[in-house]
Structure formats: C-alpha cells, structure tokens
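Following: one structure in structure tokens, then a few remarks.
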Amino acid sequence: MKPIAQAVEEPTPHGIAATVARLITSGDLAPGDRLPTVRELALDLRVSPATVSHAWQALSGVGLIVSRGRSGSFVMATPRKWLPPRFQGLAGQLEATRLDLSSGTPDPQLLPALGPALSRVAERAGTASYLDQPVIPELEAVLRSSWPYAVETITVVDGALDALSRAMESVIHFGDRVVVEDPGFPPIFDLLDHIGAVRVPVGLDEYGMRPDLLAEALTLRPSAILLQPRAQNPTGRSLTTARAEELASVIRRSRHASDAIVIEDDHSGEIAIARDVSLGRWLPGQVLHIRSFSKSHGPDLRIAALGGPTDLIERLVARRILGPGWTSRMLQRILYDLLIDSTSISAVNDARRIYRSRQQRLSGALAAHGVTLPPSDGINTWVEVADERAAIVQLAAAGIRVAAGTPFEASISGNFVRVTAGLVRSDFDSIAEHLAAAARA
C-alpha cells in the first residue's frame, strides 16, 4: 500500500488519480491488484478521506479501477474479452458519469420518432421467397435518387460495420496492403488485423486525406483505400468536392493503383453539413460507397446501403445469401417510410442544424479558453492534449468522460482525445473550461 502514497507528488484528487493511473500504465499495479482503502491511503497521505474518494471516483469513471463493495477497490482487469482489441479501448467503461462524451453515438433526443413508421408497417412480416431481391424496390429507388454518383448496383446490409466487413473481405486478402486514414476508425483497424492485411497510414489535414501522402502510399501497391468522406471519425473532417476530385486524380494517375478499390464509409452523411461527395463520381468502377442511417435515424435500425460495380456487389450478395440472406424487409420498409415522411425528414434536418450549432458553440467556447480546433462536422471532434491519460483522468474527476485517442491512431502520432460534441446540450463554457484545463494537464 505504501508505494502508492510514496509516489504521490500532489495530494489532491487529480494528483492521486494521476499517480495511480501512471502506476497502472507502467505495470507497477497489475490487473486485479487490490488498492488501499480510502481511509488507509488518506491516513498515509494526511488528507481527508473525501480527497481519496474523489480520486477513486475519477479512476473508476475512466475504467482503471473497480469497486467491489466491502471487498475493496481493484485495478480493472482487461475488459470484455469478446470485444476486438480496439473496441475494448472504445468501450472503455460502463460506469455512470455526469456527462459521457466518449460514445460517438447520436443524441437520442434528435432521432426521428419511429412510432408513425411502425404503425404503417404491415402487421405480419413475410416474403414470397427466400430468393426474392435483397432490396425492396421502393427503398432502392429512394437510395438511387440521392446517391452521390450514378452507381451500377445497390444492396442493403446490416449497418455500416457489416458493410465494411463484407466489402473488405470481398476485395482484401491476407498480406495485402491497405491505405487507411490516420487517425481513423478503430474497428476498421481491427477488421484489417482479422483479415491479416497490412495498414498503410495516410495523414489528414482539415479537408481530409492528404493527396501528397496518398500518392506516396500508392507506390506500395495497396489493394484497397479506406476513407470516410464526411464527418470523419474521430476528427469530424469532411472532404470538399475539390479534395475528392484531387484524391481521385491521384489514384487515376498512379500506375500502382489501377486495380485498387476505394471503400468509402459515409457513416454520418445524413447529419453532416458538408455536401455528399464520393470518389465514385470520377472512379465509378473502383468505388464501393457505404451510406449508414444509424446516426441519423437510429443505431438499432442496423441498416446501411452499399453501392458499387455490379460484379463486386453481386459477389458480396451471393456470399451473404449463405449467411443472413438479406436485411429484414420489414426494417427496410421502416427506413423507406422514414426517408419519405415529411415529419421524419424535418426531424433529421433539425438534428443536422443542431449538431452544427453544438459543434460551433463548443469550438467557440474552447477558443475563448485558448484551445483552437479545425472545423468539425457531424458529432465528433478531435482535441490535442499534452498527455492523454492525464487529460482523461482530470476530466473524469470533473464527471466528464471522453474517448482516449490511442485506439484511433494507425501510427504513433501524439496525444489526443475524441469528444462527442453532438451530445453537449448546454453549459458549453463550463465544459470547454474543463476540456481546456485537461488539454494542458
């Protein structure tokens, strides 16, 4: 017990929590180790039990320790073994906190109501044949009318990650090199590790993937290029039409990328301010474009559209027939209803405007406290900090949870945290003050 007290340099809640966090990170405290009681450590440090209790709450809030009642507090074991590695980093903690800005999920208050759509769906689900077309014609027509380019074939799958997984497994093989955004979406890295592919990180600027770095990466002959055209997760950056055309030109000119498939994950398109853009406008034969409706219409709908060249889509559909077969046509009809219903359309439009306002208000408040950020689209923003762990612990002490930046990094690039700004409904200045202080911690 004494080593903790001896290592504490600043006997405040933040100082105690930061010391224990460092001991856990260094391995001096191992998963499952029992920690001193609040009273024991308070006595060793000559502080009040409330001071140690606040430190323990901060550490519990970021998932570093867990309380087991009378048995005491313990260093948290590796969480949820069934989760892929970077998902564990994202899942982090399930303990309650005052304000959770770590989830990357939409504000449930801004999702369109499902009741009216459900009331208009047939009472019985059914299909004439297991071999019916996987997409209902009405939904396909609506999807085509708003697709960012003239796509050959569209299918529907069970969410953006299902689309990414199936697209990647169709075109990427063990040992292939794959261009990824850095930072990028952690489950994409997990999927590539599962396939056995080699990541080729390409950095971003305020307009998305950098063309000069992409040109350099293409000399390694990648089989695929993965990017998020709008509201990139975690940075919130969106491609402009000019940048998308520039990236397409780099790919078209490269003698090493003539067969490379571009997989685009437009996961937040319906709530992004940026215009819908796809490299498919210039490279229709090389693009698989994914459009998810989770953040705009509800994560539990589990529906995403996937469009691209007929041969690639039909190969994917054929493989899916031997698994789930198709995405529930009942769910497809619910989505179709939401996409054409004027009330639902207005709700999504309002959500887009509100998310934009929240991003701007938080960014403005952060600037007032000395932290300047590039413009962010959608619901997430990417904040550079002096020390990732210290920032997370300090925010947890204030009852604010954010996502650690490490799982999002394809290469070692710095200290960041991802903040789901779309979930900040009020108290912008107070939250920005905490974020700014944590950024300097």
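The values are calculated or read from the model by the stated rules, or taken from the named source; none is laboratory data. On a predicted model such as this, the values are computed, not experimentally measured, just so you know. Every residue, glycine as well, gets a Cβ built from its backbone with ideal geometry; the counts of neighbours run over all protein chains shown. These area figures cover heavy atoms from the full protein model, side chains too; ligands, DNA and RNA do not enter into them. Shrake-Rupley method; radii C 1.70, N 1.55, O 1.52, S 1.80 Å.
For region 29-39, a tally of residues being open to solvent by 80 Å² or more (accessible area, probe 1.4 Å) and either assigned to a strand (DSSP E or B) or over 22 Å from Ala390 (Cβ atoms) (or both) returns 2. Residues in region 40-59 that are of a type in the set (S, T, N, Q), open to solvent by 40 Å² or more (accessible area, probe 1.4 Å) and in contact (Cβ under 8 Å) with a residue 40 or more places away in the chain: Gln57 only. Of the candidates Arg333, Arg243, the single residue that is within 30 Å of Pro108 (Cβ to Cβ), charged (D, E, K, R) and out of contact with any His (no Cβ under 7 Å at 6 or more places or on another chain) is Arg333.
Counting only residues that are part of a loop (DSSP other than H, G, I, E, B), surrounded by 13 or more Cβ atoms within 10 Å (Cβ to Cβ) and modelled with pLDDT under 85, region 2-28 holds 1 of them.
The set of residues in region 34-50 being charged (D, E, K, R) and either in contact with a helix residue (DSSP H, G or I) (Cβ under 7 Å, 6 or more places away or on another chain) or modelled with pLDDT under 85 (or both) consists of Arg39, Asp44. Looking at region 206-238 only, could you name the residues that are over 21 Å from Ala163 (Cα atoms), open to solvent by 10 Å² or more (accessible area, probe 1.4 Å) and either assigned to a loop (DSSP other than H, G, I, E, B) or out of contact with any helix residue (DSSP H, G or I) (no Cβ under 9 Å at 6 or more places or on another chain) (or both)? Glu206, Tyr207, Arg210, Leu213, Glu216, Thr219, Leu220, Arg221, Arg237, listed by residue number. Hey, does region 191-200 have a residue that's in a helix (DSSP H, G or I) and surrounded by 18 or more Cβ atoms within 10 Å (Cβ to Cβ)? Within region 191-200 (the criterion being in a helix (DSSP H, G or I) and surrounded by 18 or more Cβ atoms within 10 Å (Cβ to Cβ)), the answer is yes, since at least one residue qualifies.
The number of residues in region 170-187 being surrounded by fewer than 21 Cβ atoms within 10 Å (Cβ to Cβ) and free of Cβ contacts under 8 Å to residues at least 60 places away in the same chain comes to 5. Annotation note: of Glu245, Glu264, Glu270, the sole residue that is surrounded by 21 or more Cβ atoms within 10 Å (Cβ to Cβ) and in a helix (DSSP H, G or I) is Glu270.
Just one of the listed residues (Ala141, Ala96) is open to solvent by 30 Å² or more (accessible area, probe 1.4 Å), modelled with pLDDT under 65, more than 22 Å from Leu226 (Cα to Cα) and not in a strand (DSSP E or B), namely Ala96.
Across region 69-83, the qualifying residues are those that are in a loop (DSSP other than H, G, I, E, B) and at pLDDT 75 or above, and the one among them that is nearest to the chain's Cα centre (by Cα) is Met76. For region 359-404, give me each residue that is touching a Gly at 6+ places or on another chain (Cβ under 8 Å), in a helix (DSSP H, G or I), surrounded by 23 or more Cβ atoms within 10 Å (Cβ to Cβ) and not aliphatic (A, V, I, L, M). Hit for region 359-404 is Gln359, nothing else. Would you mention how many residues in region 307-321 are closer than 16 Å to Gln286 by Cβ, open to solvent by less than 30 Å² (accessible area, probe 1.4 Å) and charged (D, E, K, R)? Looking only at that region, the number is 0. No other residue among Pro112, Pro134, Pro148, Pro106 is in a loop (DSSP other than H, G, I, E, B) and modelled with pLDDT of 95 or more apart from Pro148.
Any idea which residue in region 412-441 is farthest from the chain's Cα centre (by Cα), counting only those that are of a type in the set (Lys, Arg) and within 24 Å of Arg352 (Cβ to Cβ)? Per the criteria, the residue is Arg425. Yes or no: Leu331 over 30 Å from Phe428 (Cα atoms) and at pLDDT 95 or above? Against the criterion (over 30 Å from Phe428 (Cα atoms) and at pLDDT 95 or above), Leu331 does not qualify.
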